[in-house]
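Down below is the structure, laid out as structure tokens.
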Amino acid sequence: MYKFEIQNMTCAHCASTVEKAIKAADPAASANINLAEKSAKVDTRLDPATINAAIENAGYPSRFRQI
């Protein structure tokens, strides 16, 4: 599981966009988006850099760490 700290995520629409980007990259991923913390906890078998790139391609700079 990885935690992504996501910049510029300010509303429910932003959170939905991030979740859709994660699911597009890995349909089997489990994503828990926390708007208040501007973060996402993602359980994926993909390289986290791939998920990070999907989030960033959706317009939200992010960084990740393993938890």
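Just one of the listed residues (Ser16, Ser62) is surrounded by fewer than 15 Cβ atoms within 10 Å (Cβ to Cβ) and hydroxyl-bearing (Ser, Thr, Tyr), namely Ser16. Residue count for the stretch 38-67, restricted to those that are under 16 Å from Asn8 (Cβ atoms) and of a type in the set (Ser, Thr, Tyr): 3. Return a yes/no flag: does the stretch 24-34 have any residue that is in contact with a helix residue (DSSP H, G or I) (Cβ under 6 Å, 6 or more places away or on another chain), of a type outside the set (S, T, N, Q) and farther than 19 Å from Ile67 by Cβ. No; the residues of the stretch 24-34 include none that is in contact with a helix residue (DSSP H, G or I) (Cβ under 6 Å, 6 or more places away or on another chain), of a type outside the set (S, T, N, Q) and farther than 19 Å from Ile67 by Cβ.
No lab work stands behind these numbers, since they all come straight from the coordinates. All of these numbers come straight from a predicted model, not from anything done at the bench. In this analysis, Cβ positions are derived from the backbone assuming ideal geometry, glycine residues included, and neighbour counts consider all displayed protein chains.
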